[in-house]
Amino acid sequence: MQEEIRGWVLGRLPEGWFSAPPDVEADDDEILIVGVLDDVPPSPHAGEEGLRSARAAHVRRFREETREQRMRLAHDAERHFGRKVAWGVTVGGDRTLFTTLSVPVMTRLRLPERQVLDTLVHAGVARSRSEALAWCVRLVGRHEAEWIRELREVLVQVDELRRRGPA
């Protein structure tokens, strides 16, 4: 299904939007399309802060100029795949996501796990247990990214074997 979604998106994107094919990620709720924009030309007088400001302006301009077409493409994808579509861009290595879903996830935690979340809340790292849990998930994702990538690759192979198996 991932490849079907990716192909569908790539076949409908207007030419010239991105300097490389975009990353297309999906789960059961959302499709995220993140394209690479050409970097802004360096200015010898701008410095690092000026470069960040120019990149942010470049992202805003892209977002505004493509809004109508992105919304139309998202609407078509939502009807076709039954999932919301979110957008983002990368400029100069910095990734900016536009409106994305924040999906509630229910979990049951025992006292020691709740204490971890409560410690993060009391320390001001997070405003709530929900935010603390999201922080923990991002941390695991960052530090175990290679392992998670390998696990996803294996799951794709398992799905393919199941698809080819007996009906």
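Among residues of the range 125-148 being among the small types (Gly, Ala, Ser) and outside any helix (DSSP H, G or I), the one that is farthest from the chain's Cα centre (by Cα) is SER128.
Is at least one residue of the range 147-164 touching a residue at least 60 places away in the same chain (Cβ under 8 Å) and under 18 Å from ALA26 (Cα atoms)? Among the residues of the range 147-164, at least one is touching a residue at least 60 places away in the same chain (Cβ under 8 Å) and under 18 Å from ALA26 (Cα atoms), which makes the answer yes. LEU73 falls short on exactly one of the conditions (1) touching a helix residue (DSSP H, G or I) at 6+ places or on another chain (Cβ under 8 Å); (2) surrounded by 12 or more Cβ atoms within 10 Å (Cβ to Cβ); (3) at pLDDT below 95, and that condition is (3). Residue count for the range 72-124 under the criterion of being more than 19 Å from ARG6 (Cβ to Cβ), under 17 Å from the mean Cα position of the chain (by Cα) and part of a helix (DSSP H, G or I): the result is 0.
ILE33 meets all of the listed conditions (1) assigned to a helix (DSSP H, G or I); (2) within 24 Å of GLU160 (Cα to Cα); (3) not basic (Lys, Arg) but one, namely (1).
For the range 149-158, the condition of being out of contact with any Lys or Arg (no Cβ under 8 Å at 6 or more places or on another chain) and not in a helix (DSSP H, G or I) holds for none of the residues.
The values are calculated or read from the model by the stated rules, or taken from the named source; none is laboratory data. These figures come from a predicted structure and were not determined experimentally. Note: ideal-geometry Cβ built from the backbone for every residue, glycine included; neighbour counts use all protein chains shown.
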